[in-house]
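Note sheet for the following structure.
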Amino acid sequence: MQTLMLLLKHAESDRDSALAACQRATETLQSADRQLDQLVNYRRDYEARWNEQFSRLGRIELVRCYHEFMDRLSQAVDQQEHAVQVAAGQKDLALQMLREREMRVASVGKMIERRSREIRLGNERREQKHFDEMAARMARNGPLGPGFMATN
């Protein structure tokens, strides 16, 4: 039984580590999502600002600068989208690992439960056997012991 308890403790420790990894992966994904949102919003605001300015001053140098910056900004958005995908994949793996560890803890818990039940039933059977043997001896020898007979 002690071995099973040690196994349970180890499985719970593994599960707790997997839970922490899952939480870190979730935080990383949330952070990547926030950064992506910020980049997309910035790009949208930048486009709106410059579209208004282009309508008033459409100098070619400004247009070229705008397009170059928009290209770099779009690359940053693409890279961040990739980072979000990677973080989502890592979170999925962490969740899968956590589920596996939780299943392990549950199965070890079931083994302990089953073993405890077997021990309890074995003890109950031994007690019953002991009581049955005592009852048989008393029936054979009488209530006061061997050599004593109840007289009426």
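The values are calculated or read from the model by the stated rules, or taken from the named source; none is laboratory data. No experiment lies behind these values; they were computed from the predicted model shown. We place every Cβ from the backbone using ideal geometry, glycine too, and count neighbours over all the protein chains shown.
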Checking H67 against (1) surrounded by 12 or more Cβ atoms within 10 Å (Cβ to Cβ); (2) free of Cβ contacts under 8 Å to residues at least 12 places away in the same chain: exactly one of these is not met. Which one? (1)
Between A136, A150, which is assigned to a helix (DSSP H, G or I), surrounded by fewer than 12 Cβ atoms within 10 Å (Cβ to Cβ), aliphatic (A, V, I, L, M) and modelled with pLDDT under 90? A136
Contact list, first residue from region 33-50 and within 14 Å of H67 (Cα to Cα), second anywhere and exposed (fewer than 13 other Cβ atoms within 10 Å of the Cβ), beta-carbon distance below 9 Å, six or more apart or interchain, is R43/S74
Quick test of your reading of the structure: E61 fulfils all but one of (1) of a type outside the set (F, W, Y); (2) farther than 24 Å from D16 by Cα; (3) surrounded by 10 or more Cβ atoms within 10 Å (Cβ to Cβ). Name the failing condition by number. (3)
Given the condition at negative phi, modelled with pLDDT under 95 and not in a helix (DSSP H, G or I), answer yes or no: does some residue in region 58-74 qualify? yes
Failed criterion for Q79 (all others in (1) over 30 Å from M1 (Cα atoms); (2) in contact with a helix residue (DSSP H, G or I) (Cβ under 8 Å, 6 or more places away or on another chain) hold): (2)
Per the list (1) at pLDDT 90 or above; (2) exposed (fewer than 12 other Cβ atoms within 10 Å of the Cβ), residue check on A11 breaks on (2)
Suppose we filter Q85, Q53 for residues that are closer than 25 Å to L36 by Cα and polar (S, T, N, Q); which single one remains? Q85
